[in-house]
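Below: one structure, written as structure tokens.
The values are calculated or read from the model by the stated rules, or taken from the named source; none is laboratory data. Remember, it's a predicted structure, so these values are computed and weren't measured experimentally. Glycine gets a Cβ as well: all are built from the backbone with ideal geometry, and neighbour counts include every protein chain shown.
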């Protein structure tokens, strides 16, 4: 877990800079929108984790779902992310 989160820094460095690449004038707005969209699953995840733990009593399903979502996000990022400027 520590290694994975340590290596996550590489993804975050590309994520933070990509807003400036996409739209230098609107980088702050883009960062705010993407951070808001990224916070919503964190709020829902706490509730969902509680329901899963109440139903199964095991953390295994929680970690499997989290791992699956993490891999899905990485695949989507690799397929669709670009550093090309879209907005002036």
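Counting only residues that are in contact (Cβ under 8 Å) with a residue 40 or more places away in the chain and under 19 Å from residue 4 (Cβ atoms), segment 46-84 holds 2 of them. The single residue among 45, 38, 6, 14 that is modelled with pLDDT of 90 or more and either part of a helix (DSSP H, G or I) or surrounded by 12 or more Cβ atoms within 10 Å (Cβ to Cβ) (or both) turns out to be 45.
Say we look at segment 24-35 and pick out the residues that are over 16 Å from residue 14 (Cα atoms) and in contact (Cβ under 8 Å) with a residue 12 or more places away in the chain; which of these is surrounded by the fewest Cβ atoms within 10 Å (Cβ to Cβ)? For segment 24-35, the residue satisfying everything is 25.
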